[in-house]
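Following: one structure in structure tokens, then a few remarks.
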Amino acid sequence: MENIVSKIIEDTSNSERVFCKFLSANDTGETGGHQSGIYIPQNSVSLIFNTPGIKGENKKVFNKIKWQDDFETDVHFNYYGRGTRNEYRITGLGRKFPFLKPEFTGSLVVILKQKDTSYKGYVLETEEEINYFLDYFGITPAETNRLINTESNPEEKEKLAIQEFIKSLTTDFPSSEQMSLEAQRIQNLVFDHNEYIQLKPDDKLLDWTEVEYRLFRAIEHDRYASLIKNGFSDVEKFIELANQVLNRRKSRAGKSLEHHLSSLFTGNSITFTSQGITEGNKKPDFIFPSIESYHNASFPVEKLASLAAKTTCKDRWRQVLNEADRLRSQNKFLCTLQQGISSAQLEEMKSEKVVLVVPARYIKTYPQKYQTDIWSVKKFIEYIKEIEK
């Protein structure tokens, strides 16, 4: 189920028109009528014709539809306007077409007119598939048999995508990397604007982070809600669970920023090494362009850069000072999601050549005197691109 509905959702992003209807007995030929085929209502003419049919005339256009992202059929887009008839149908699917049979009456057919004017079709048979599709687009069964708006209800889409991911899990909790990548997938799928990875990386970083937070909390609720509701037999079991939850939260938060930055760098075609070992087994979060370049004594030091990723850094920023000996005289970059640091600490950072990198909208939370010294994520990415030329 997840595969076919996810494919429909993916394909809608490249669609000019999206139509859905429940296959009727007349569509599938169960009534014995000779006009079996998929009936298209008047309100959805633009799915198959650029202009409506003219009463008194028949119209036919030949086309192809790829079904279930698997096989293709030649079809006829028909308008029957002669005599008493005034209707549109998709016919010519052929006797071997598997879905226009009586047993598929009541299935939901989804037809997509792609932006390149090609067509895709899907037939959803199970109640679970149908309900997921309807819920995702925020429509009821009464709102089918028409073109649908695929841009509505992003919050509901996100909730459904999160629920589907939780259902798919085969482990108690996914790894921190899997959690971050899934949050990115959901955010990119539901809210689109994948181009923001290059155009607005500051916004993308925060968007991914926010979705991951909601995803993580949803998994926590799924795993622990009933256990907490039923209570604990003794204090030790309560403490054990509380420590387990807290440790997992700390672990996830510590790695989340690093995972999202990695995806931003990859999406901007930046070369880097994460967790590369420098001197004395030290591990900066990121070395640009690579740890091999860092250890190559002939590689220009001005073409090297390091970046630490710390969700908060008020008291831990000094840890970055000695992570890379070759860069002691260079700027040391520190990316954080913390909003606001005191002037005294910012002055000390400046004297140690530590440059803060924060999402652009957070810069205004810092003392005004130091705001021009703070880099946005986009500015940092552009700097790395420049030195990597």
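Count charges around residue 196 for me, please; just the other residues with Cβ under 12 Å from its Cβ, Lys/Arg as +1, Asp/Glu as -1. Value of the local net charge: -2.
Highest-first packing order for the peptide set 85-91, 363-369 is 85-91, 363-369, based on the mean count of other beta carbon atoms within 10 Å. Per residue, the accessible area of segment 43-116 comes to 54 Å², computed with a 1.4 Å probe over protein heavy atoms only. Ordering of 325-334, 140-149 by packing is 325-334, 140-149, highest average first (other Cβ atoms within 10 Å, averaged per residue). Work out which helices of the chain, taken as complete DSSP H runs, extend at least 24 Å along their axis over the Cα atoms and score a mean Kyte-Doolittle of -1.0 or more, then list them. Both cut-offs are met by 201-230, 235-267.
Considering only 357, 225, 98, and ranking their Cα positions along the charge dipole of the chain that arises from unit charges at the beta-carbon of Lys, Arg, Asp and Glu, the one farthest toward the positive end is 357. About the Cα centre, and with charges only on the beta carbon of Lys, Arg (+1) and Asp, Glu (-1), how big is the dipole of the chain? Nearest 20 debye, please. Magnitude of the dipole: close to 780 debye.
Along its first, second and third principal axes, ordered by size, the chain spans 88, 62, 39 Å in Cα coordinates. For the chain, the fraction of 1.4 Å probe accessible surface lying on carbon and sulfur atoms is 48 percent. Look at the alpha carbon pairs under 8 Å that are at least 6 residues apart: their mean separation over the length of segment 19-141 gives a relative contact order of 28 percent. Figure legend: label point modelled 7 angstrom from the Cα of residue 371 along Cα→Cβ; residues of segment 321-354 with amide N under 18 Å from it are 338-344, 346-347. Each of 176, 45, 329 was placed along the dipole of the chain (beta-carbon charges, centred on the mean Cα), and the one lying farthest toward the positive end is 329. Using alpha carbons only, how many angstrom separate the centre of segment 14-93 from the centre of segment 286-342? One Cα centre to the other: 62 Å.
Relative contact order of the chain, taken over Cα pairs closer than 8 Å and 6 or more residues apart, is 11 percent. Surface exposure of segment 120-192, expressed per residue as accessible area with a 1.4 Å probe, stands at 49 Å².
The values are calculated or read from the model by the stated rules, or taken from the named source; none is laboratory data. None of the values given here were measured: they were computed from a predicted structure. We place every Cβ from the backbone using ideal geometry, glycine too, and count neighbours over all the protein chains shown. Accessible surface is based on the protein model in full, side chains and every heavy atom, while ligands, DNA and RNA are left aside. Shrake-Rupley method; radii C 1.70, N 1.55, O 1.52, S 1.80 Å.
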